[in-house]
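Just below is one structure, and these are the notes that go with it.
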Amino acid sequence: MVVQEGLSLERKLEILGDAAKYDVACTSSGVDRSGTGNSMGNTLKCGICHSFAADGRCISLLKILMTNECIFQCKYCINRAKNDVLRATFTPEEAAGLTMEFYRRNYIEGLFLSSGIYPTPDAAAERMLETVALLRFQYRFAGYIHVKAIPGADGQITEQIGWLADRMSVNLELPTAEGLRSLAPNKSRKTILTPMRQIQLGIKQNRQAAREALPSGMPGGRVLLPDRQEEFLPSSLECRPEQLGDLAEENSYTLGKPLLKGVTSGFVPAGQSTQMIIGATGETDYQIMSVTESLYQKFDLKRVFYSAFVNVNQDSDMPNWIGRTQLDREHRLYQADFLLRYYQFQIGELLSEDRPNFNMLLDPKCDYAVRHLELFPVEINRADYHTLLRVPGIGVKSAQRIVKARRMAVLDFPDLKKIGVVLKRAVYFITCQGKMMYPVKLSEDSITGYLIDERKQKELKGEQIGYQQLSLFDLPSMASGYQPPVAGGGGAQ
Amino acid sequence: MRDETKPMRILLCEDSLEGILTGVYEAYQSRYGHDNIKLYLAAREYELELFSEYHKVRPDAESSNKVLLSILEKIGDTARKNVVEAAYSAEPDKADVIYRYLIRGYAVGSRIVDYLSDPYVSRLFEICRRLWNEVHRWKEFLRFQIQENGLLTAVIEPKARVLTFLMPHFADRLPIENFIIYDKTHDQAGIHRKQQGWFLADRLGRDYPEYTALLETTTKEEAQMQDLWRIFFETIAVRERENARLQTQLLPKWYRDHMVEFHSNKE
């Protein structure tokens, strides 16, 4: 281990920013908090990105580690104990000071604080608590704070952090218990799920208390999901109830009081999130998305993030970075994640044991639609909101606008374009006043051919691929006597 | 219906809320027929149209207020808000779009906001959306510098007149700071005094050019802080995932002129 005394602030920021960059979540969303007039900062429900790095990822928060010293040996992590890397540690004053200076200049929305485990989980968590307390009390900072919960740290420390942070997250790290055992020997499903459940229950109790404090007759907060009695995660993923059995008693957890009153808006008001590393171990998309679904349903998570595995330690027994393919897979997972959260889809509708991976040629929504042609086309002027949401090219906003606009006038294709519908995709699945925009042959193969994006088509044409896929582009002969609407599958512009 | 016996009358409005609404007022007062009138912005250059007569509209607060009040009464608050926002936008056709939107609005009342299949309603909606996109981008990409006396200064070059919408955001966020945001494009400054609210000042650059130059000075301490931010900005990118196209799509280059992470202090 390389320990260097007296590192400059610049050097520390370089080391500890670099060490934090593989954490995905950079969102500053989920809570609206106006300024108080005498403190520094506010937060917006929609969140604000302040810059975009060379990799195109948003920079919203000052994302740093408290320290990159660590006693754990996680194989995927550059900071694992046995690595010979430069180590650095921020003092709470340094971390809080940087946050304030950056915030005043409108570089950031707030702080995203994580840490290596050093010298113990409790000590690491305490140092983070100290930093956050400095910000909230000494600097009267009312901007956004996201803190990683430290697995294995005392629940009381986690709780106090929760009273000061807007969002907390515990990294699930790997989708399966098996993967976790092999790659992160010092972590276990239990040390990860315990704080996750604690935060979930804390949020719930805090909201309940806030609702009861309201005068009767006032509308309360968000309706809480009913308790689920099933196991936490699907049994097919080696997370049987008996394995997590002793976690169930955590249900008796009672949220304590904040030690100090300050500029906070409750316990973890922006909710909790988690992240998984994708592609380090061999699970299928179906397994990953099933875990995601249960995290949303059983842990009330706000977001699940996916991070394509980067072999930072150059381990020969770990998969190497394969660029585009890995990023494309990550992209499909995020698309499916949106379908779960905003489009009322269930994962069983998108994937199954027999079709365990996403179609790399079509996004999950198009893929669902071409496999369920019996549901289409739908009539724009009559279909209910839920049905509209299932049409490729119609998003949440455009579905809402359609429902509003058709009360005033009968809608036709040019109107849909103005409303924001992506006709290029939607045109195969909708009618306006009983008519389709073009005479489209409703078959899975022909529609797939039009929907595959041009980049993919070029890639495929340059490669040796099987007949099945080639046939998709062999359209003129397949659909004889019928002219495709626009050459190259570009669709209606 | 267009009356072909009358020449088309084109009202040239000043590029401001007052200017455009005065144009609307005069169009109504003239009883010349809506289809025989168009509203243009005076500042823009147009190809003169044959058989048209051009009238310059002198902005008038009283007429403009009358229109605002009647929108509020007869069409509703959402429509009033949309019209005001559209007037602050940078879209060249906004004056005529507002005029046509209001003609329809007076006919159907508050339901006008849902007539998205109407070309002028949807265009107005689009204009507002663009304005809010730009306002949001400046909330993201505006950068303050801290001057020796503790004053926060920022310079922006927006397309639309965004200050009206930006100032409430920053006043709520930084109530305990003195700050100035200077809109170079429109020569307008938003000035916030610590715990005392904010106001807009026009023609700061014309009247006090040496002052607007001061807003862009960087002190030595400030340069150090900017260096720290550049270090973080460079470090946080994952090399394996580099994607300049995506970066440009999300952060268009014209916003970068005053962003410290895209410029070095050494030049």
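The values are calculated or read from the model by the stated rules, or taken from the named source; none is laboratory data. Values in this document were obtained by computation on a predicted structure and should not be read as measured data. Cβ sites come from the backbone with ideal geometry, for glycine too, and all protein chains shown count toward neighbours. Keep in mind that these areas ignore ligands, DNA and RNA; they rest on the heavy atoms of the full protein, side chains included. Shrake-Rupley method; radii C 1.70, N 1.55, O 1.52, S 1.80 Å.
General observations
- Residues of the stretch A:361-402 that are in a loop (DSSP other than H, G, I, E, B), without any contact (Cβ under 8 Å) to a residue 12 or more places away in the chain and either farther than 18 Å from A:G348 by Cβ or of a type in the set (D, E) (or both): A:R382, A:A383, A:D384.
- Residues located in the stretch B:42-65, provided they are buried (at least 16 other Cβ atoms within 10 Å of the Cβ) and part of a helix (DSSP H, G or I): B:S63, B:S64
- Scan of the stretch A:87-102 for residues that are open to solvent by 20 Å² or more (accessible area, probe 1.4 Å) and either touching a Ser or Thr at 6+ places or on another chain (Cβ under 7 Å) or outside the structural domain of A:S39 (by TED's automatic domain parsing) (or both), ordered by number: A:T89
- Test: residue in the stretch B:196-214 that is at pLDDT 95 or above, more than 12 Å from chain A (Cβ to nearest Cβ) and within 21 Å of B:F141 (Cβ to Cβ): yes
- Residue in the stretch A:406-416 that is exposed (fewer than 15 other Cβ atoms within 10 Å of the Cβ) and closer than 22 Å to A:Y342 by Cβ present: no
- Pairs with Cβ under 8 Å, 6+ apart, first in the stretch A:166-189 and free of Cβ contacts under 8 Å to residues at least 60 places away in the same chain and not assigned by TED's automatic domain parsing to the domain that holds A:E109, second surrounded by fewer than 22 Cβ atoms within 10 Å (Cβ to Cβ) and in a loop (DSSP other than H, G, I, E, B): A:L180/A:K187; A:L180/A:S188; A:R181/A:S188; A:R189/A:C239; A:R189/A:Q243; A:R189/A:L244
- Those residues of the stretch A:320-351 which are among the aliphatic types (A, V, I, L, M) and within 15 Å of the chain's Cα centre (by Cα), in sequence order: A:L327, A:L333, A:A336, A:L339, A:L340
- Filtered residues of the stretch B:128-163 (kept if farther than 21 Å from B:K194 by Cβ and either more than 12 Å from chain A (Cβ to nearest Cβ) or not in a helix (DSSP H, G or I) (or both)): B:C128, B:R130, B:L131, B:N133, B:E134, B:I156, B:E157, B:P158, B:K159, B:A160, B:R161, B:V162
- Number of residues in the stretch B:117-149 that are open to solvent by 10 Å² or more (accessible area, probe 1.4 Å) and free of Cβ contacts under 8 Å to residues at least 24 places away in the same chain equals 11.
- Leading residue by the ranking (nearest to A:F112 (Cα to Cα)) among those in the stretch A:32-43 that are more than 7 Å from every other protein chain (Cβ to nearest Cβ) and in contact (Cβ under 8 Å) with a residue 60 or more places away in the chain: A:T43
- Here A:T27 does not fit the description of being open to solvent by 50 Å² or more (accessible area, probe 1.4 Å) and either touching a residue at least 40 places away in the same chain (Cβ under 8 Å) or aromatic (F, W, Y) (or both).
- Hey, A:D84 open to solvent by 10 Å² or more (accessible area, probe 1.4 Å), at pLDDT 95 or above and more than 11 Å from chain B (Cβ to nearest Cβ) or not: no
- A:I452 within 14 Å of chain B (Cβ to nearest Cβ) and either touching an Asp or Glu at 6+ places or on another chain (Cβ under 8 Å) or among the β-branched types (V, I, T) (or both): no
- Residues satisfying the stated conditions in the stretch A:13-68, i.e. at pLDDT below 90, hydroxyl-bearing (S, T, Y) and farther than 22 Å from A:Y334 by Cα: A:S34, A:T36, A:S39
- Near pairs, Cβ below 7 angstrom, 6+ apart or cross-chain, from the stretch B:248-261 (β-branched (V, I, T)) to any residue that is open to solvent by 10 Å² or more (accessible area, probe 1.4 Å): B:V260/B:R143; B:V260/B:R230
- Scope the stretch A:417-448; condition open to solvent by less than 40 Å² (accessible area, probe 1.4 Å) and either out of contact with any strand residue (DSSP E or B) (no Cβ under 8 Å at 6 or more places or on another chain) or without any contact (Cβ under 8 Å) to a residue 40 or more places away in the chain (or both); matching residues: A:I419, A:V421, A:L423, A:A426, A:V427, A:Y428, A:V440, A:S443, A:S446, A:I447, A:T448
- Qualifying residue in the stretch B:67-74 (condition: open to solvent by 70 Å² or more (accessible area, probe 1.4 Å) and over 22 Å from B:C128 (Cα atoms)): no
- Contacts under 6 angstrom Cβ, first residue in the stretch B:227-244 being at the interface with another protein chain (Cβ under 7 Å from one of its Cβ atoms), partner open to solvent by 20 Å² or more (accessible area, probe 1.4 Å) and in a helix (DSSP H, G or I), 6 or more apart: B:I231/A:E10; B:I231/A:E14; B:T235/A:E14; B:T235/A:D18
- Residues of the stretch A:135-148 that turn out to be within 24 Å of A:F72 (Cβ to Cβ) and either open to solvent by 10 Å² or more (accessible area, probe 1.4 Å) or at pLDDT below 95 (or both), as a count: 1
- Condition met for A:Q208 (part of a helix (DSSP H, G or I) and outside the structural domain of A:A270 (by TED's automatic domain parsing)): no
- Filtered by the rule that a residue be open to solvent by 10 Å² or more (accessible area, probe 1.4 Å) and more than 13 Å from chain B (Cβ to nearest Cβ), the stretch A:53-73 gives A:E69, A:C70, A:I71, A:F72, A:Q73.
- Residues of the stretch B:199-249 that turn out to be surrounded by 16 or more Cβ atoms within 10 Å (Cβ to Cβ), in a helix (DSSP H, G or I) and within 23 Å of the chain's Cα centre (by Cα), as a count: 3
- Against the conditions (1) away from every other protein chain (no Cβ under 13 Å); (2) touching a Phe, Trp or Tyr at 6+ places or on another chain (Cβ under 9 Å), B:M259 satisfies every one except (1).
- Yes/no for B:D172 being within 10 Å of chain A (Cβ to nearest Cβ) and open to solvent by 30 Å² or more (accessible area, probe 1.4 Å): yes
- Whichever residue in the stretch A:103-134 is part of a loop (DSSP other than H, G, I, E, B) and farther than 27 Å from B:R230 by Cβ and, among such residues, is least open to solvent (accessible area, probe 1.4 Å): A:I117
- When A:D317, A:D354, A:D363 are checked against the criterion of being open to solvent by 10 Å² or more (accessible area, probe 1.4 Å) and over 26 Å from the mean Cα position of the chain (by Cα), a single residue qualifies: A:D317.
- Restricting A:Y306, A:Y342 to residues that are open to solvent by 20 Å² or more (accessible area, probe 1.4 Å) and in contact with a helix residue (DSSP H, G or I) (Cβ under 6 Å, 6 or more places away or on another chain) narrows the list to A:Y342.
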